[in-house]
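Down below is the structure, laid out as C-alpha cells.
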Amino acid sequence: MVESGTASPSGAPLWASLTATFFGIGNMRPGPGTWGSVVSMLLWASLARILPLSFRTPVLIALAVIISLVAIPAATRVARASAKKDPSIVVIDEVAGQLISLIAIPLAWKTFLAGLILFRVFDILKPPPVRQLERLPEGTGIVLDDVAAGIYALAVMQLLLYLGLLK
C-alpha cells in the first residue's frame, strides 16, 4: 500500500514522522523520551492555566485519549520505516503517558515535578504489566506501555496528594 503525502527523512509519511517525534522533539539528545515528557508537561501547564478549573481534567483526559489513538498508527509507520521495534525518536508515547500522570493534579511546580519523575521512573522500570504491554505489536506496544506507566504514575500521584505529601 502506498502512503499519500510527502515522506520524512525517516522514510515514514510526513504526518507520521511529525506526530511520532512530537514535531521533532524526538530528535533531541540526550534522552529524547525525557525531552518529550518535559515539553508535554510544560505545554499542559501553559494550557491548563488558561482553562477554567472545571474544564482541566476533562480536557486533559480527552487530550491523552486522542494523542494515544493518533500515536499508535504514527508510531507504527515510523517503526516500520526505521526497521526498529521502538525507535528512540518516537516520543509521542511519552507525551500520552506524561499527560495521563498529570490528570487531576494541582497546578504547582511540586506536583508537575513529581508527575514527571514518577512517569519517567515507571516508564524506565516498566513494572508488570507495563513490560508485557511493550511486547504488543508495532505502535500498539510502543504506546500502551507508556500509557500504563502514566496510569501507574497517576495512581501514585493521587495517593501522594491524598496523604497530603504533595501540595
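The values are calculated or read from the model by the stated rules, or taken from the named source; none is laboratory data. All values reported here derive from a predicted model rather than from experimental measurement. Backbone-built Cβ (ideal geometry, glycine too); neighbour counts: all protein chains shown.
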*Just a yes or no: is a residue in region 26-48 in contact with a Ser or Thr (Cβ under 8 Å, 6 or more places away or on another chain), under 21 Å from residue 143 (Cβ atoms) and not in a helix (DSSP H, G or I)?*
no
*May I ask you to list pairs of residues, at least six apart or on different chains, whose Cβ atoms are under 8 Å apart, with the first in region 87-108 being closer than 19 Å to residue 27 by Cβ and in contact (Cβ under 8 Å) with a residue 24 or more places away in the chain and the second being β-branched (Val, Ile, Thr) and not in a helix (DSSP H, G or I)?*
89/21; 90/21; 91/21; 92/21
*Hey, among the residues in region 81-105 that are charged (D, E, K, R) and at pLDDT 95 or above, which one's surrounded by the fewest Cβ atoms within 10 Å (Cβ to Cβ)?*
94
_Pick from region 136-167, criterion assigned to a loop (DSSP other than H, G, I, E, B) and more than 30 Å from residue 81 (Cβ to Cβ), ranking: modelled with the lowest pLDDT_ = 167
*For region 146-165, how many residues are under 15 Å from residue 127 (Cα atoms) and more than 10 Å from the chain's Cα centre (by Cα)?*
7
*Would you mention how many residues in region 20-47 are buried (at least 19 other Cβ atoms within 10 Å of the Cβ), closer than 21 Å to residue 117 by Cα and of a type in the set (Gly, Ala, Ser)?*
5
_Of the criteria (1) part of a loop (DSSP other than H, G, I, E, B); (2) free of Cβ contacts under 8 Å to residues at least 24 places away in the same chain, which one residue 22 fails_ = (2)
*Among 163, 63, which is the only one that is hydrophobic (A, V, I, L, M, F, W, C) and exposed (fewer than 14 other Cβ atoms within 10 Å of the Cβ)?*
163
*Do the conditions hold for residue 70, that is, is it free of Cβ contacts under 8 Å to residues at least 60 places away in the same chain, more than 20 Å from residue 112 (Cβ to Cβ) and among the β-branched types (Val, Ile, Thr)?*
yes
*Under 6 Å between Cβ atoms, at least 6 apart or on separate chains: pull out the pairs that start in region 128-155 with a residue that is of a type in the set (Phe, Trp, Tyr) and end on any residue that is part of a helix (DSSP H, G or I) and crowded, with 19+ Cβ neighbours inside 10 Å.*
152/122
*Answer with yes or no whether residue 71 is touching a Phe, Trp or Tyr at 6+ places or on another chain (Cβ under 6 Å), modelled with pLDDT of 95 or more and surrounded by 18 or more Cβ atoms within 10 Å (Cβ to Cβ).*
no
*Here are some residues: 108, 96. Which one is closer than 27 Å to residue 164 by Cα and touching a helix residue (DSSP H, G or I) at 6+ places or on another chain (Cβ under 8 Å)?*
96
*Pick from region 156-167 the residues that are in contact (Cβ under 8 Å) with a residue 12 or more places away in the chain and among the hydrophobic types (A, V, I, L, M, F, W, C): which of them is farthest from residue 109 (Cα to Cα)?*
156
